[in-house]
Amino acid sequence: MLIYIARRLVWTLVVIFVVVLITFVVFFKLPAGDPALRFAGRSPTTAELALIRHRLHLDKPFYTEFGYFVKNFFTGDSNGWPGLGYSYEGDIPVLQEIEQRAPRTLFLIAGAGIIWLIFGVAIGVTSAVKRRSIVDRVAMGFALFGISAPVFWLGLMSLFIFWKELHWTGGSGYVPLTQNPAAFFSHLILPWIVLALLFMAVYARLTRGNLLETLGEDYIRTARAKGLSERAVIFRHGLRASLTPIATIFPLDLAQLVGGAVITETVFNLQGLGWLAVNSVFTQDLPTVLGVVLLGAVCVALANLVADILYAFLDPRVRYA
Amino acid sequence: MSEAGSGATLLEVRDLSVRFRTRDGVVQAVSNLSYTLRRGETLGIVGESGSGKSVSNLATMGLLNRSYTDITGEILFEGTDVLKLRQEQMRRIRGKDIAMIFQDPFASLHPMYRVGKQLAEAVLAHEDVSRDAAWNRAVELLEAVGIPNARARARDYPHQFSGGMRQRVMIAMALVHNPDVLIADEPTTALDVTVQAQILELIDRVKREFDCGVILITHDLGVVAETASHVLVMYAGRPMEYGPAQEIFTGAQHPYTWGLLESMPTVEKRLEILVPIEGSPPSLLHPPSGCPFHPRCKYRFEPCDGERPPLFRLPDGHLDACYLPPERKRELWTKRIGAELGVT
Ligand SMILES: Nc1ncnc2c1ncn2[C@@H]1O[C@H](COP(=O)(O)OP(=O)(O)OP(=O)(O)O)[C@@H](O)[C@H]1O
Ligand SMILES: [Mg+2]
């Protein structure tokens, strides 16, 4: 088991290194134009440009430049860890920008994740147990709606109904938890639900499908033959086996949202990481885009590691292999 | 019927029919099946794949999904008709008074729970004891079915066991509550030959030690030759021949049974005279008229595709469903089948 984890860990580091290399090339080597020019702003002098080139290591060969980049990324720079350099927009360190945006995104994902995991699985189990009943049909109809409804439309509709018309929730924008916990929740509840809806639908379908498949297995018949109650058969035997795949995609879905919840963050004006990345694309602020993309990629790589470990933990056949 | 050594009636199946309502139509999986099981006896149920062996016994266990299954007839367990019991009442019998072992030991145990836990769970399903007591009972049972080093092995997962060992675990699980009826559904089909004999021997030993009745389901008459006291031959959901094992093996009446006997590998018989039955069983969605076996039968004549043959009772008490006149059957048996098998 320890060897397994160690192997996965090494592999994750390799993946992260490759991701850093690819993003570096895509962001700094492929775009036309001189990064120093962009960085310097309006009409710089030659002396200024030379200084910037030196500071960004643009005057050295590619591999040295990349070496510095990697070194900063892994060991940090004067602004802390990981070293991501400065934004093109003013002299703000990218890291500082990310640190400012990250809590918004993390709270959004965490809340939504809890909601979709609990409700998605609950709906899926109910559906499977009451297969072909009205409950099942309604639940699966709802799932289809959740999968096909566009997030921006859901977001705007929910804001209109629950904030503007009914005044049940806060409007768009973000209020820090430390500043006003009640407002924090009332502003996040709609984004949580809207973001969770799609995943909830996917998880409900997945749970239903997995559980139905598992309930057809021979060992479920054995469980019944022992004289266990139907409850024990479904929850202890059926659910236990069918949740493993769900437990292992959950971290991946969470990680993918670190830079990927753009629409939700935009509709609800939460200004999180996804929003930051998209905004920086429009202003051609490459270091910031790069920072968010790298962070997202690292999160996905780590989530993969977590998923693998979780899988081994949940399935003895992997653990003892 | 020789009554020597047979105990009280445990199970009496009367005119059992099972139909599945499927999307393609009604599958007539079992038709008009009757048999009796007594304490201390082994009833061998034999037939090709799809002949309704599993379905009829799943009906006894109450493991058929009644929402799309119609069951008629009676299954009397110690006098009560289990088909009339409510779910909860049936649950209390399942695994306690009637236990079942399945064909595929690789798929029949939960891959994510320790073997000991799965056994302990069976204990706790019908008995209010502590977890530790249940675990100890699990270990005892593993020992009883011949798992070496049982206390340590109880902590292993099913995939760490071989097929034969897993089938032993399944047997242990069936024995937890000292059942009256033990149903073994092709317990050796998935195992290799050397292990097969051990498992059959174990089941026979268990029958004696736990003093229960055993239903042994198999494709292969050879498997029941050693241990069965009675044999029921099924085909396309119907009883073809039913009687004391002794009489089936020394004077089988039905051409289908003859086919099974001829295709049975024995030590004396050389491989070249192994004759498989030609053709394949009929669709149960559209069963043929008359005797279901007639399309494949070498000895069919006029009445075979008309009226369905009833079960004829022979003087020795054994039943068979074939229109051939008794003299003709005796002649065929003595001259051909019995002679080939060397039992006449
Ligand atoms: N749930 C079901 N729905 C529809 N048909 C079924 C169902 N279960 C069994 N059958 C059909 O009933 C018939 C009898 O099946 P059964 O499993 O009893 O055969 P068997 O004699 O045990 O065969 P095998 O030796 O392959 O185990 C088969 O034709 C099978 O396809
Ligand atoms: Mg079967």
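Numbers for the structure displayed
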item: Solvent-accessible surface ranking, highest first, for B:ILE147, A:ILE134, A:ILE263 at 1.4 angstrom; result: A:ILE134, A:ILE263, B:ILE147
item: Shielding score for A:207-215, defined as the mean number of other chain Cβ atoms within 10 Å; result: 0
item: Candidate lysines - alpha carbon under 24 Å from A:LYS29, same-chain residues fewer than 8 apart omitted; result: A:LYS60, A:LYS71
item: Compactness of the stretch A:2-75 as Cα Rg over 2.2 N^0.38 Å, two decimals; result: 1.46
item: Loop chymotrypsin sites (Phe, Trp or Tyr not before Pro), the stretch A:135-228 (other Cβ atoms within 10 Å of the site Cβ: 16 or fewer; DSSP); result: A:TRP168
item: Highest-fluctuation residue, B:ASP15, B:ASP305, B:ASP24 considered, GNM on chain B with Cα pairs under 10 Å; result: B:ASP24
item: At most 13 other Cβ within 10 Å, DSSP loop - trypsin sites (Lys or Arg not before Pro), the stretch B:1-90; result: B:ARG23, B:ARG66, B:ARG86
item: Stokes-Einstein diffusion coefficient of the protein assembly as shown, Kirkwood radius over Cα pairs, 4 °C, 1.567 mPa s, in µm²/s; result: 43
item: Of the DSSP H helices in chain A, those whose Cα atoms cover at least 20 Å axially and whose Kyte score averages -0.5 or more; result: A:2-24, A:94-129, A:134-148, A:181-215, A:286-314
item: Accessible area (Å², 1.4 Å probe, nearest 10) - A:GLU48; result: 90
item: Whichever aspartates and glutamates have a C-alpha closer than 20 Å to that of B:LYS298, once near sequence neighbours (fewer than 8 apart) are set aside; result: B:GLU48, B:GLU241, B:GLU262, B:GLU272, B:GLU278, B:GLU307, B:ASP320, B:GLU327, B:GLU331, B:GLU340
item: With at most 11 other Cβ atoms within 10 Å, longest stretch of chain A clear of loop trypsin sites (Lys or Arg not before Pro) (DSSP); result: A:133-321
item: Selection of trypsin sites (Lys or Arg not before Pro), the stretch B:313-344, meeting DSSP coil and at most 16 other Cβ within 10 Å; result: none
item: DSSP bridge orientation in chain B - percent antiparallel, rounded to nearest 5; result: 60
item: Nonlocal amide H pairs with B:GLY213, under 5 Å, H built at 1.01 Å; result: B:GLY40, B:VAL181, B:LEU182
item: For chain A: rounded, prolate or oblate by the Cα gyration tensor [a/c cutoff 1.5]; result: oblate
item: Residue mean of other protein chain beta carbons inside 10 Å, B:103-111; result: 5
item: Sequence-distant lysines (8 or more away, or on other chains) whose Cα lies within less than 29 Å of B:LYS207; result: A:LYS226, B:LYS53, B:LYS84, B:LYS96, B:LYS117
item: Förster-model FRET efficiency, 25 Å R0, A:ILE3 and A:PHE74, C-beta, rounded to 0.05; result: 0.55
item: Cα gyration tensor category, rounded, prolate or oblate, for the stretch B:84-221 with a/c compared to 1.5; result: oblate
item: Gyration tensor (alpha-carbon) shape descriptor, the stretch B:91-136, a/c threshold 1.5; result: oblate
item: Cα-projected label distance for B:ARG308 with B:ARG328, points at 7 Å along beta-carbon direction, nm; result: 2.2
item: Antiparallel bridge percentage (DSSP; both residues within the protein assembly as shown; nearest 5); result: 65
item: Within a Gaussian network of chain B (alpha carbon springs, distance under 10 Å), most fluctuating of B:GLY222, B:GLY40, B:GLY290; result: B:GLY290
item: Cα centroid separation, the stretch A:242-269 to the stretch B:161-180 (Å); result: 45
item: Residues with amide H under 5 Å from that of B:VAL231, placed H, sequence gap 5 or more; result: B:GLY44, B:GLY243, B:ALA245
item: Options A:VAL15, A:LEU51, A:ALA36, ranked by Cα towards positive dipole end of the stretch A:2-75, top entry (Cβ charges); result: A:VAL15
item: Exercise: per-residue mean of other protein chain Cβ atoms within 10 Å, B:54-63; result: 1
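The values are calculated or read from the model by the stated rules, or taken from the named source; none is laboratory data. Since we're looking at a predicted model, the values are computed, not measured. Here the Cβ is made from the backbone with ideal geometry for all residues, glycine too, and neighbour counts use every protein chain on show. Note: areas computed on protein heavy atoms with side chains; ligands, DNA, RNA excluded. Shrake-Rupley method; radii C 1.70, N 1.55, O 1.52, S 1.80 Å.
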